[in-house]
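Engineer: Sharing a structure with you now.
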Amino acid sequence: MNLSDLLNDNPQSPAERARSVGKHMSTVWRWMLHGVRGVRLPSHRVGGRRVILQSDWETFFAKVNGDGATEPLHSATRQREIAAAERAMDAAGIL
């Protein structure tokens with residue numbers, strides 16, 4: 001992959017990627033170094049800095065989630081919290 005391809009694929013630092021999905025930066029680094037479910041998050045060095053490309057990000061989550069989703073799975077607790085919030089908003093007429 002050449003530099004222009006890297007720059008055209010929305011490169012972001014691990015910290016920026018972590019913020020985009022509400023995770024801690026160390027979690028994204030762990031995904032890069034050790035992986036999840038046998039899948040490692042690819043990263044590239046550009047000008048001495050580590051970046052993650054949008055296409056690699058989406059592919060990683062699609063493989064890990066097994067369903068084509070491009071965002072991390074929520075824990076069961078988080079899913080219950082989301083469902084409760086959606087019910088409360090629906091009851092209040094917000095949704």
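The values are calculated or read from the model by the stated rules, or taken from the named source; none is laboratory data. Keep in mind that what you see is a predicted model, and the values were worked out from it rather than measured. All Cβ positions, glycine included, derive from the backbone under ideal geometry; neighbour counts span all protein chains shown.
Engineer: Among all residue pairs at least 6 apart or on different chains, which show Cβ distances below 8 Å where the first residue, located in the range 74-95, is over 14 Å from Gly22 (Cβ atoms) and aliphatic (A, V, I, L, M) and the second is in a helix (DSSP H, G or I) and modelled with pLDDT of 85 or more?
Structural biologist: Close Cβ pairs satisfying both conditions: Leu95/Glu86; Leu95/Met89.
Engineer: Need pairs with beta-carbon distance below 8 Å; first residue under 13 Å from Phe60 (Cβ atoms) and of a type in the set (D, E, K, R) and within the range 23-35, second at pLDDT 95 or above and surrounded by 16 or more Cβ atoms within 10 Å (Cβ to Cβ); sequence gap 6+ or separate chains.
Structural biologist: Filtered contacts from the range 23-35: no entries.
Engineer: Please count how many residues of the range 46-60 are more than 12 Å from Pro14 (Cβ to Cβ) and surrounded by fewer than 16 Cβ atoms within 10 Å (Cβ to Cβ).
Structural biologist: 7
Engineer: Sticking with this one: Give me the helices (runs of 4 or more DSSP H) completely within the range 1-76, filtered to those with at least 3 residues that are at pLDDT 85 or above, ordered by residue number.
Structural biologist: 14-20, 25-33, 54-65
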